[in-house]
Amino acid sequence: MENKKAIKVIDKILKDLDKTGINTEDLIDDIKELRTYALEEQIPLVVKVLRLTYEHIEENDAFLIPMLDDEPIEEDGSIEASNDESPVESLKYLISLIRNLNNKANIADLKEYRDLLNN
């Protein structure tokens, strides 16, 4: 994202995740704030992923989407996720993807997270 305030929110989320893990109330507020910047910049994929993320956290009091695997597509067409990483690491990865939307791999990973969150 280009917005300096959005970058600060991303940094705050990542720092808070390192410090306190998934503290749902503060985390959801920060994700909602970040989403407003994505709305301003008109980035529909990020807006949707962030909404699905905070709704998922509200429902589950946790982030239950595992870290994406390097080889995401299985022979049957399903997306495979690695179970080696903690929910905090997976959420940190998702949030960090939003920082650089010029990277095509980041966009592809955001789409995978969107699909996983939709299911």
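Working from label points 7 Å from Cα in the Cα-to-Cβ sense, the Glu40 to Thr24 distance is 2.9 nm. Using +1 at the C-beta of Lys and Arg and -1 at the C-beta of Asp and Glu, which of Pro66, His56, Ser96 has the Cα lying farthest in the positive direction of the dipole of the chain? Value computed over the given set: Ser96. Considering the zone a paramagnetic label at Glu89 would reach in this model (a point 7 Å from Cα along the Cα-to-Cβ line), which residues of the range 51-70 have amide N under 13 Å from it? Zone members listed by number: 66-70. Classification of the range 4-118 by its C-alpha gyration tensor yields an oblate form. The axis ratio a/c (a ≥ b ≥ c) is 1.5 or more, and b/c is at least a/b. As a rough footprinting exposure proxy, the listed residues Val88, Val9, Val49 were ranked by other beta carbons within 10 Å of their own, and the order from fewest upward is Val88, Val9, Val49.
In this Cβ point-charge picture (+1 for Lys and Arg, -1 for Asp and Glu), the range 4-118 has a dipole of about 900 debye about its Cα centre. Membrane-span-like helices in the chain, defined here as complete DSSP H runs extending at least 18 Å along the helix axis by their C-alpha atoms with mean Kyte-Doolittle hydropathy no lower than 0.5, are 87-99; this is a sequence and geometry rule, not a statement about a membrane.
Values quoted throughout were computed directly from the atomic coordinates according to the rules given, and no laboratory measurement underlies them. All of these numbers come straight from a predicted model, not from anything done at the bench. Positions of Cβ are backbone-derived with ideal geometry, glycine not excepted, and every protein chain shown enters the neighbour counts.
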